[in-house]
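Peer 1: The structure's right below; bear with me while I get my questions together.
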Amino acid sequence: MLTDSNTLTALRQHHLFGKLPAAAFHEVCGLAIFRRLDGGDILFHQGDVADRFYLLLDGQMKLTRVLPEGHEKLVEVIHAGQSFAEALLFSGAPNYPVSASALKGSSLVSIDGSHYRRILEEQPKICLDLLATFSIRLHQRLNEIDTLTLANASRRVVRFLCQEQEACNGPIQLNVPKRLIASQLGIQPETFSRILHRMIDAGVIAMERRNIRILDTPSLVNYCD
């Protein structure tokens, strides 16, 4: 059961819970569990029973999937304020298709999935708002698929930088290790670093530690190594 006022406020401000009637919200909080993870801790493994979903309060989580050939693929990095695994409530999938682990110390709220779904069945108007959110996330996944279908590694990096620049509306900050970004792009970490250095040498970008500035947007868009 959740009792901390800051945690309750964070939960209430999230789109999955903001429009719940007070009584339903208190029910959810009564069955919710606060979790604290250290960096490297596993929250759940791919294939575990998917009976709960999560809201990340602080820290960073990574979602990974082991492919049939045995390689681990980064699916998504979860940041504070984001929820994850909630889509399984509606897909009917009995097991998590990914593993979740903490990139650094993280605090989460764990929500009982079947109870939350029952509340939604009693409050159908809320479902329309959720559909809009899921639609946005679907478009994000389609963009990622488009990136992975680009055969040239340089073009994948270009697309990544362009998307990050648009999202940040300014300098790009790499908040996760380069090896995870490379995994998400389907390339080797060495390849990712090599392409960035070639872009620096070409005067397309400037990089200081984990911050990247786009110096020449047209050249970046047309960059092909």
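Coordinate-derived values only; no laboratory data. Note that the structure is predicted; figures quoted are calculated from it, not measured. Heads up, the Cβs are rebuilt from the backbone with ideal geometry, glycines too, and the neighbour counts pull from every protein chain shown.
Peer 1: Take the residues of the range 20-44 that are exposed (fewer than 14 other Cβ atoms within 10 Å of the Cβ) and part of a loop (DSSP other than H, G, I, E, B): which is farthest from the chain's Cα centre (by Cα)?
Peer 2: Pro21
Peer 1: Let me ask something else about it. Under the condition of being touching a strand residue (DSSP E or B) at 6+ places or on another chain (Cβ under 7 Å) and of a type in the set (A, V, I, L, M, F, W, C), which residue from the range 1-16 is surrounded by the fewest Cβ atoms within 10 Å (Cβ to Cβ)?
Peer 2: Result: Leu2.
A quick yes/no check of all residues on (1) crowded, with 17+ Cβ neighbours inside 10 Å; (2) over 25 Å from Leu11 (Cα atoms); (3) in contact with a Lys or Arg (Cβ under 7 Å, 6 or more places away or on another chain):
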position	(1), (2), (3)
Arg65	no, yes, yes
Gly81	no, no, no
Ser91	no, no, no
Val98	yes, no, yes
Ala102	yes, no, no
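Peer 1: Filter the range 204-225 for residues that are outside any helix (DSSP H, G or I) and polar (S, T, N, Q); which is nearest to Leu74 (Cα to Cα)?
Peer 2: Only one residue tops the list, namely Asn211.
Results for (1) in contact with a His (Cβ under 9 Å, 6 or more places away or on another chain); (2) within 29 Å of Gly39 (Cα to Cα), shown as yes or no for each residue.
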residue: Ser154; (1), (2): no, no
residue: Cys162; (1), (2): no, no
residue: Pro171; (1), (2): no, yes
residue: Ile181; (1), (2): no, yes
residue: Ile200; (1), (2): no, no
residue: Met207; (1), (2): yes, yes
residue: Leu220; (1), (2): no, no
residue: Tyr223; (1), (2): no, no
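Peer 1: Pull up the range 175-203, narrow it to residues that are among the aliphatic types (A, V, I, L, M) and in a helix (DSSP H, G or I), then point me to the one that is farthest from Arg155 (Cα to Cα).
Peer 2: Filtering first and then ranking leaves Leu180.
Peer 1: Follow-up. List the residue pairs whose Cβ atoms are under 9 Å apart, where the first residue sits in the range 157-169 and is in contact (Cβ under 8 Å) with a residue 60 or more places away in the chain, the second is surrounded by 15 or more Cβ atoms within 10 Å (Cβ to Cβ) and of a type in the set (Ser, Thr, Tyr), and the two are 6 or more positions apart or on different chains.
Peer 2: Pairs that qualify, where the first residue is in contact (Cβ under 8 Å) with a residue 60 or more places away in the chain and the partner is surrounded by 15 or more Cβ atoms within 10 Å (Cβ to Cβ) and of a type in the set (Ser, Thr, Tyr), are Val158/Tyr223.
Peer 1: Please state which of the following conditions Gly70 fails to meet, knowing it meets all the rest: (1) surrounded by 13 or more Cβ atoms within 10 Å (Cβ to Cβ); (2) of a type outside the set (Ser, Thr, Tyr); (3) on the phi > 0 side of the Ramachandran plot.
Peer 2: (1)
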